[in-house]
1. Restricting attention to segment 78-123, which residues are of a type in the set (Asp, Glu), modelled with pLDDT under 90 and closer than 17 Å to Tyr22 by Cα?
2. As an exercise: evaluate Asn98 against (1) open to solvent by 50 Å² or more (accessible area, probe 1.4 Å); (2) under 14 Å from the mean Cα position of the chain (by Cα); (3) closer than 19 Å to Arg7 by Cα and give the number of the one condition it does not meet.
3. Take Phe44 and decide whether it is within 11 Å of the chain's Cα centre (by Cα), open to solvent by 50 Å² or more (accessible area, probe 1.4 Å) and either within 21 Å of Ile59 (Cα to Cα) or not small (Gly, Ala, Ser) (or both).
4. Restricting attention to segment 25-33, does a residue exist that is in a helix (DSSP H, G or I), surrounded by 11 or more Cβ atoms within 10 Å (Cβ to Cβ) and not small (Gly, Ala, Ser)?
5. Filtering segment 1-18 down to residues that are assigned to a loop (DSSP other than H, G, I, E, B) and of a type in the set (A, V, I, L, M, F, W, C), which residue is modelled with the highest pLDDT?
6. Pick from segment 101-118 the residues that are more than 15 Å from Asn65 (Cβ to Cβ) and hydrophobic (A, V, I, L, M, F, W, C): which of them is most open to solvent (accessible area, probe 1.4 Å)?
7. Give me the pairs, please: first residue somewhere in segment 27-41 and farther than 16 Å from Asn16 by Cβ, second residue anywhere and in a loop (DSSP other than H, G, I, E, B) and modelled with pLDDT under 80, beta-carbon distance under 8 Å, and either six or more positions apart or on two chains.
8. Condition test on Lys85, is it open to solvent by 80 Å² or more (accessible area, probe 1.4 Å), under 13 Å from the mean Cα position of the chain (by Cα), under 26 Å from Gln113 (Cβ atoms) and among the charged types (D, E, K, R)?
Amino acid sequence: MDQLDYRYVSVPGSSNYQETIYNHDGNKFYRGPNPFLHATNKPFITAYSAPTPDFYYSIFKNFSNNAIVEGSLNIYGVRKIVFNKDIYGSFGFIEPENANQLFSIFSNKYAKQEFGPVTLFSRKEYLPRF
């Protein structure tokens, strides 16, 4: 088990807690809260998890701006980014980039591990939480 204290960010950032996730078992879909987020022992940041919609926008609205997003990820103690290509935002996504653009941005900056449709991007340099 990973003993480090950090957060992770889930992308693409659905603007509502309800997400539609493609289930590869018989071409079915699941709709509801993302089950992956609650199946880890780490706190997470989603686009909808803030008290106000603007709270985490510095992260989700600036993935293309390296200086802003790296600073924001450090402030919130983010070490991992979870990218699920099979998520469809029930009420849309908040990032200005589409899923392919986000995947390309993360692939060019971070180490990655792929688990089917889920890719885990790891930041080597991050500020740990205290």
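1. The one that is of a type in the set (Asp, Glu), modelled with pLDDT under 90 and closer than 17 Å to Tyr22 by Cα: Asp86.
2. The one condition Asn98 does not meet is (3).
3. Here the answer is yes, as Phe44 does meet what is asked.
4. Checked segment 25-33: no residue is in a helix (DSSP H, G or I), surrounded by 11 or more Cβ atoms within 10 Å (Cβ to Cβ) and not small (Gly, Ala, Ser).
5. Leu4
6. Phe115
7. Once the first residue is farther than 16 Å from Asn16 by Cβ and sits in segment 27-41, its partners that are in a loop (DSSP other than H, G, I, E, B) and modelled with pLDDT under 80 give Asn41/Met1; Asn41/Asp2.
8. So Lys85 passes the test.
The values are calculated or read from the model by the stated rules, or taken from the named source; none is laboratory data. Just so it is clear, the model here is predicted, and its values are computed rather than measured. Using ideal geometry, Cβ is built from the backbone for each residue, glycine included, and neighbour counts are taken over all protein chains shown. Accessible surface areas use protein heavy atoms only, side chains included; no ligands, DNA or RNA. Shrake-Rupley method; radii C 1.70, N 1.55, O 1.52, S 1.80 Å.
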